[in-house]
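Below: the structure, in structure tokens.
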Amino acid sequence: MDLHRNFLLARRLLFLAGCAAAGTLSAQVNLQSPVVAGERAGLKLQRPEIYRAGWIDLNKNGVKDPYEDPAQPLAARVEDLLQRLTPAERIGQLEQVLLPKTSTGPEAALVAAGGFGSFLGAAPDPGLRNQLQRVAVEESRLGVPLIFGFDVIHGFRTTFPIPLGLSCAWDPALLERIETAAAAEAAAAGIDWAFAPMVDIARDPRWGRIAEGNGEDPYLGGLLAAAAVRGFQGADFGQPGRIAACLKHYVGYGAAEGGRDYNTTEIGLPTLRNVYLPPFKAGVDAGAATVMSAFNCLNGVPASGNRFTLTTVLREQWGFAGFVVSDWESVGELIHHGYAADRAGAAATALAAGVDMEMVSTTYRTELPALLASGRVPAAVVDEAVRRILRVKFRKGLFDRPYTAAPAQPDRAAAIALAREAAARACVLVKNDRGILPLRPGGTVALIGPLADNQAELLGCWNALGDAKEVVTLRAGIVAALHGTEFHRAQGCSLTGDDRGGIAEAVVAAKKADVVILALGEPLLWSGEANFRSDLGLPGRQQELFDRIAATGRPIVTVILAGRPLAIPTVLAKSAAVLVAWHPGVQAGAGIADVLTGAVPPSGRLTTSWPRSVGQLPVHYNHLNTSRPFGDYKDGPRDPLLPFGFGLTYTKFAYGPTKLSAAALAPDGAIEATVALRNAGAQAGTEVAQLYLRAHACSAGARPIRELKGFQRVTLAPGESKDVTFRLTPHDLGCWTVDGAWVVEPGRYGLVIAPDSASGEMVDFTLQP
């Protein structure tokens, strides 16, 4: 036995020495036992002698158990540990609870007994997290570590623009950089796992959670979902500075009836397969570690009890190997949906459907012991859920590096600079009459509106540990950018409510100015979870304020700061310029000022269609044709106020006709679509050339009148031209059947390269049999 033990020790040390010499192990990982990591994290460990021997556990008089040995294959470690867990400890792994305020409460006792597998919450530093982790690692029977999750939606310590704003940059690489920075900050505070990205397709701006996603298009949404996963996880989410990603909310949550959060969704299978599922599949294909099941009832079956979506699609068809966590109490809420009769039924249904970990509600903890004893829930179902959770914990490195040390903090200055870049890139210029923008120093500017000098509201919903005191206001950004300009400041009215006492003062300020910058929008808590609206106009007296300022005849540059598309036709019509800046985050004013002054030319494009009124909804671009595709409303047009993909620059781009390399596409061939793009203006600018496709007939189900299939960001100097080319293969023409098969049908197709979803003339080609 001694010879065997010494052999294993020698082999392990030689392996580690070789890795160190080759540079394949970081200094943080090399020979670092849990006790060393704990001491570096500032913990007073209770049983250091257990780990002091490194890879040899002296208390066991032999080599560590297989699950404790990093040299063992992942599957072997998981299976070894699973077999050692008691039924109660297995159930404990399925439970996630809120992070307590201290490490000495009843939660700690349950952790020591193996009663919890995860905590939800965050603190500015990892101290509390490490104390609770110490209980799990040192005081529980087998030392199974906890995993700590938190909503890292658009930054952690540094707040970036809301996701809907970030999507308007049409730049997956930018989003990947942002999520990399957010992951580094979250990991330094002890977060292992982000409840992000949210990849729900949202077609109704009344729904407040449209702010958290990437808009209405599944193609762009899929690219951004994959980029966010790569940003959070890197090549290995077990490495320092990386955290596990969680795709949410699976699935169909964004189609809530009436825009009312948590509401029922009815989605036909062709639409589910081709619109709502693709961003999730893109995230799974990118390696997302986890998925979160949604609140909504989908076609009569709650998402957190839906075996078709959670098992048939996610695991059997897509091969997802991570684990599924429920959204907050959504397992217990199967009872509210009328799908489960009681708590036992909710637990049995959700677990059988494929929900591995229950967030906050406790039906698994309280009901599974009896369900297992009666045979209503087979032990194999519980084991498989535990297996999936353990697999992620091992991949995260929690068994080998359970504690978050106190390393050098992430580069805060770099994160702030990135936030400023992102705030500018998220802006979408939707009107600019007579070239009023960019603004130049000098003259007189009236800065008016309830959001012109506000800090807190610009952070946006779900702002994690963002600090409102650090937000650069619009006033601060504009004043810093326009040196030598005389400013007049007036609030005009409150953000909500009936306060109009300052409107007269604002009118006076406007009359003194050469140009008015009017900052309007909605509060951060009018978007996000449980914040839905029945009207999409400006809240409070803001429309009245706008109308009074417009009546002065002074040119108005309106900056819209909101968490959703708004129905503001009068504002668009009467403003000289309109810049949609969303809720831009900590560098709001600096980023917006960069765009308004031309330091950063606008290049954002809308990822949602903007309605003229609520009565138009839904008004997304990628709708199906009708049998009689004509006719407007009696009181207005049917087309949106602003189409998907729309956005202006400070120059003008001219598109030639779309040309195809061939009139027919062979089954094993490719076709190229090209457009001549010319900068016809006097300034350099960046255009987002967009490729749209239409299948004129499809037996698997009618296809939308246009579908985004590609885009290119093209920067041209004044007078410069470039041929922009896209290459398509037959696979690019396909769609999903209701059974989940990708099919490509021969026939006639249309294609156009255009600046937005409402422009350009399609040219037809044929896909040969």
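The values are calculated or read from the model by the stated rules, or taken from the named source; none is laboratory data. Fair warning: this is a prediction, and the values are worked out from it, not measured in the lab. Every residue, glycine among them, receives a Cβ derived from its backbone with ideal geometry; neighbour counts consider all protein chains shown. Accessible surface is based on the protein model in full, side chains and every heavy atom, while ligands, DNA and RNA are left aside. Shrake-Rupley method; radii C 1.70, N 1.55, O 1.52, S 1.80 Å.
I need the full set of residues from segment 490-508 which are within 36 Å of the chain's Cα centre (by Cα), among the hydrophobic types (A, V, I, L, M, F, W, C) and either part of a helix (DSSP H, G or I) or more than 18 Å from Ala550 (Cα to Cα) (or both), in order please. Correct list: Leu495 only. Taken over segment 594-626, the residue count meeting the criterion of being in a helix (DSSP H, G or I) and either acidic (Asp, Glu) or closer than 26 Å to Gln712 by Cα (or both) is 3.
Residues checked against (1) of a type in the set (Ser, Thr, Tyr); (2) out of contact with any strand residue (DSSP E or B) (no Cβ under 7 Å at 6 or more places or on another chain); (3) under 24 Å from Pro163 (Cα atoms); (4) open to solvent by 30 Å² or more (accessible area, probe 1.4 Å):
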| position | (1), (2), (3), (4) |
| --- | --- |
| His623 | no, no, yes, yes |
| Leu648 | no, no, yes, yes |
| Gly656 | no, no, no, no |
| Leu665 | no, no, no, no |
| Gly681 | no, yes, no, no |
| His696 | no, no, no, yes |
| Leu708 | no, no, yes, no |
| Arg713 | no, no, yes, yes |
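The set of residues in segment 465-480 that are farther than 28 Å from Ala551 by Cβ, crowded, with 17+ Cβ neighbours inside 10 Å and in contact with a Ser or Thr (Cβ under 9 Å, 6 or more places away or on another chain) comprises Leu465, Gly466, Val471.
When restricted to residues that are under 30 Å from the mean Cα position of the chain (by Cα), surrounded by 20 or more Cβ atoms within 10 Å (Cβ to Cβ) and closer than 20 Å to Trp328 by Cβ, segment 100-128 contains 5. Restricting attention to segment 363-403, the residues that are open to solvent by 20 Å² or more (accessible area, probe 1.4 Å) and not charged (D, E, K, R) total 12. Here segment 633-646 is the region considered, the condition is being open to solvent by less than 50 Å² (accessible area, probe 1.4 Å) and assigned to a strand (DSSP E or B), and the residue that is modelled with the lowest pLDDT is Gly636.
Return yes when Ala136 is modelled with pLDDT of 95 or more and open to solvent by 10 Å² or more (accessible area, probe 1.4 Å) and no when it is not. For Ala136, the condition - modelled with pLDDT of 95 or more and open to solvent by 10 Å² or more (accessible area, probe 1.4 Å) - is not met. Among the residues of segment 183-225, write down those that are open to solvent by 10 Å² or more (accessible area, probe 1.4 Å), among the charged types (D, E, K, R) and outside any helix (DSSP H, G or I). Across segment 183-225, the qualifying residues are Arg203, Asp204, Arg206. Here segment 315-333 is the region considered, the condition is being farther than 27 Å from Asp739 by Cβ and of a type in the set (Asp, Glu), and the residue that is most open to solvent (accessible area, probe 1.4 Å) is Glu329. Among the strands (runs of 3 or more DSSP E) confined to segment 695-769, the ones with at least 3 residues that are charged (D, E, K, R) are located at 707-716, 721-728. Of the residues Gly760, Gly750, the single one that is under 30 Å from Thr649 (Cα atoms), open to solvent by 40 Å² or more (accessible area, probe 1.4 Å), at pLDDT 95 or above and not hydrophobic (A, V, I, L, M, F, W, C) is Gly760. Yes or no: segment 170-177 includes at least one residue that is in a loop (DSSP other than H, G, I, E, B) and either hydrophobic (A, V, I, L, M, F, W, C) or closer than 23 Å to Ala562 by Cα (or both). Checking segment 170-177: at least one residue is in a loop (DSSP other than H, G, I, E, B) and either hydrophobic (A, V, I, L, M, F, W, C) or closer than 23 Å to Ala562 by Cα (or both). For the criterion of being under 24 Å from Leu606 (Cβ atoms) and either at pLDDT below 95 or assigned to a loop (DSSP other than H, G, I, E, B) (or both), Gln683 passes. Flag: Ser627 does not match the condition of being open to solvent by 20 Å² or more (accessible area, probe 1.4 Å), more than 30 Å from Val559 (Cα to Cα), touching a strand residue (DSSP E or B) at 6+ places or on another chain (Cβ under 7 Å) and hydroxyl-bearing (Ser, Thr, Tyr). Scanning segment 254-265 for residues that are open to solvent by less than 10 Å² (accessible area, probe 1.4 Å) and over 14 Å from the mean Cα position of the chain (by Cα), which turns out farthest from Gly734 (Cα to Cα)? Across segment 254-265, the extreme among qualifying residues is Gly259.
Checked against the criterion of being over 25 Å from the mean Cα position of the chain (by Cα) and β-branched (Val, Ile, Thr), segment 332-348 contains one or more residues that satisfy it. Going by the conditions given, is Pro73 out of contact with any Phe, Trp or Tyr (no Cβ under 6 Å at 6 or more places or on another chain), open to solvent by 70 Å² or more (accessible area, probe 1.4 Å) and at pLDDT 95 or above? It is true that Pro73 is out of contact with any Phe, Trp or Tyr (no Cβ under 6 Å at 6 or more places or on another chain), open to solvent by 70 Å² or more (accessible area, probe 1.4 Å) and at pLDDT 95 or above.
Filtered by the rule that a residue be surrounded by fewer than 23 Cβ atoms within 10 Å (Cβ to Cβ) and within 18 Å of the chain's Cα centre (by Cα), segment 266-280 gives a lone residue, Pro278. Would it be correct to say that Ile147 is open to solvent by less than 10 Å² (accessible area, probe 1.4 Å), in contact with a strand residue (DSSP E or B) (Cβ under 7 Å, 6 or more places away or on another chain) and in contact (Cβ under 8 Å) with a residue 60 or more places away in the chain? So Ile147 passes the test.
Restricting the first member to segment 690-704 and to residues that are within 25 Å of Gly645 (Cα to Cα), and the second to residues that are open to solvent by 10 Å² or more (accessible area, probe 1.4 Å) and of a type in the set (Phe, Trp, Tyr), the beta-carbon pairs closer than 6 Å and six or more apart or on different chains are Gln690/Phe711; Leu691/Phe726.
Selection of segment 509-540 for residues being open to solvent by 10 Å² or more (accessible area, probe 1.4 Å) and among the acidic types (Asp, Glu) yields Asp514, Glu529, Asp535. Scanning segment 83-99 for residues that are part of a helix (DSSP H, G or I) and open to solvent by 30 Å² or more (accessible area, probe 1.4 Å) yields Gln83, Arg84, Pro87, Ala88, Arg90.
Residue count for segment 281-294, restricted to those that are under 20 Å from Ile210 (Cα atoms) and open to solvent by 10 Å² or more (accessible area, probe 1.4 Å): 2.
From the list Arg365, Arg395, Arg401, exactly one residue is part of a helix (DSSP H, G or I) and under 28 Å from the mean Cα position of the chain (by Cα). Which is it?
Working: Arg365 fails: under 28 Å from the mean Cα position of the chain (by Cα); Arg401 fails: part of a helix (DSSP H, G or I).
Just one listed residue meets the conditions, Arg395.
Restricted to segment 510-581, the set of strands (runs of 3 or more DSSP E) holding at least 1 residues that are within 32 Å of the chain's Cα centre (by Cα), farther than 18 Å from Leu451 by Cα and among the β-branched types (Val, Ile, Thr) is empty. Every condition in (1) in a helix (DSSP H, G or I); (2) out of contact with any Cys (no Cβ under 8 Å at 6 or more places or on another chain); (3) in contact (Cβ under 8 Å) with a residue 12 or more places away in the chain; (4) not aliphatic (A, V, I, L, M) is met by Thr271 except one, and the failing one is (3).
Among the residues of segment 226-239, those that are small (Gly, Ala, Ser), part of a loop (DSSP other than H, G, I, E, B) and at negative phi comprise Ala235, Gly238.
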